[in-house]
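See structure below.
The values are calculated or read from the model by the stated rules, or taken from the named source; none is laboratory data. Everything numeric here is computed off the predicted structure, so don't read it as measured data. Note: ideal-geometry Cβ built from the backbone for every residue, glycine included; neighbour counts use all protein chains shown.
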Amino acid sequence: KAAKFSTSVFRDRKTMPELYDLVKKYEPELLWSDGPGGAPDSYWRAPEFLAWYATNSSVAKTAVWNDRWGKRGNGAYVSGHDRYRPGKLLSYKWEMALTIGDSWGFDRNATYESYRSTQTLVHLLIETVAFGGNMLLNVGPRHDGTIDAIFADRLLGIGSWLKVNGEAIYSTVPWTVAQNQTDVGVYYTHKPIDGIVYAIATIWPKGNVLHLEAPNITPDTQVKMLGFEGGGNDENEDLLLWMTPSAESDNGNNNKGIDIFVPSLTPDLVPCQHAWVFALTGLANDIGGIGHDTTILSDV
């Protein structure tokens, strides 16, 4: 950079040989670049390398790469800036890259307050997926490759939530009818092939009644809470009761939506912490999403 990219020794003897070697040896299906360092993508020969990766490498059929290889727009998805949160549904695939703490590497001076809580991370994951993105979560290891207990705690906490509610995250697409309902802290995802709309509540419903405005109910509508079992052998015992909203709960929306009666659960019976998922089937407005799956990636 000091030489204004007039030399190519670093590129030709280190960067490019290592990239080719990395793909040939380990066959990664996703390559993530953090930017060209101020040089054009032609200097790094990124177009040439990515063309090989996408057509002639051993993982060509499944190769994916982000858009920080030079000129914006040359990636399979938009990685934006760090901690990117558009706050709305986008028409293209995007990614939020963030850290559990404030640093991208190991920070021996970090304080407890600088680390994001499991609840915050779960809520960010839900928001990201509902808006059509995927989360890239960074963990900074120590010099020997180990990670501190607080990182393990956060990863295990996210994993515990996904163990119960993963079907509302993986292989879903955004629901085009609504992505979030802020008054009750609800985000939506959709699995068109199964005809399921997932309402993900980040706040426990007030009075154990969850009022959703977007779903258009039919006589065939059924609602389940992921992880909740009614206690009997009949799967219908797992279904939650619901009704057409009253004028009081509907806020003048002509009885649109649905009121779901959530069981009063003791702490030992609540299926998970941080957020709760309600799977709705048989909706009149069960229409397709914008067509891209959602993923969570962990970068250690």
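Quick notes on this one:
- Residue within the range 73-91 that is small (Gly, Ala, Ser), at pLDDT below 95 and in contact with a Pro (Cβ under 7 Å, 6 or more places away or on another chain) present: no
- Those residues of the range 240-266 which are surrounded by 15 or more Cβ atoms within 10 Å (Cβ to Cβ) and at pLDDT 90 or above, in sequence order: 240, 242, 257, 258, 259, 260, 261, 262
- Looking across the range 269-280, the residues that are surrounded by 16 or more Cβ atoms within 10 Å (Cβ to Cβ) and either assigned to a strand (DSSP E or B) or over 22 Å from the mean Cα position of the chain (by Cα) (or both) come down to 276, 277, 278, 279, 280.
- The range 100-114 residues that are closer than 19 Å to residue 137 by Cβ, paired with ones that are surrounded by 10 or more Cβ atoms within 10 Å (Cβ to Cβ) and of a type in the set (Val, Ile, Thr) (beta carbon under 8 Å, 6 or more apart): 100/139; 100/150; 112/150
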